[in-house]
């Protein structure tokens, strides 16, 4: 069974690109366009890893992160921050902080190391 990655980003082009990258490498993907939607999706889909943009309309990524960490069954889900703003300080125990624009192979290597 393929590992599942939740992509949380408000830019549909980024979501499509990340989904293609991960799916081409054997992962299943689901997505959300906001952190509010992301919290709903994560509860239903229970992904193995989350890529999280920090700057989105409505709730910012750090708020999603704080809410996720309150969820007993989901609090240990690894998070890779993929963002155009410098926010590595916002989510201290993220697996990695990958600034946009990013190197696809580097991001893929981080994901493979985190969940196989």
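Looking at residue 20, is it in contact with a strand residue (DSSP E or B) (Cβ under 8 Å, 6 or more places away or on another chain) and either modelled with pLDDT of 95 or more or assigned to a helix (DSSP H, G or I) (or both)? Write out each step before concluding.
Details: in contact with a strand residue (DSSP E or B) (Cβ under 8 Å, 6 or more places away or on another chain): no; either modelled with pLDDT of 95 or more or assigned to a helix (DSSP H, G or I) (or both): yes.
Answer is no for this residue.
All of 79, 110, 91, 115 fail the test of being modelled with pLDDT under 90 and surrounded by 13 or more Cβ atoms within 10 Å (Cβ to Cβ), apart from 91.
Identify the residue in the stretch 12-24 that is surrounded by fewer than 17 Cβ atoms within 10 Å (Cβ to Cβ) and out of contact with any helix residue (DSSP H, G or I) (no Cβ under 9 Å at 6 or more places or on another chain) and, among all such residues, is nearest to residue 115 (Cα to Cα). Selected residue: 23. Taken over the stretch 34-69, the residue count meeting the criterion of being surrounded by fewer than 23 Cβ atoms within 10 Å (Cβ to Cβ), within 19 Å of residue 99 (Cα to Cα) and modelled with pLDDT of 95 or more is 1.
The values are calculated or read from the model by the stated rules, or taken from the named source; none is laboratory data. Remember, predicted model here, so these are calculated numbers, not experimental data. When we count neighbours, we look across all protein chains shown, and the Cβ atoms used for this are built from the backbone with ideal geometry, even at glycine.
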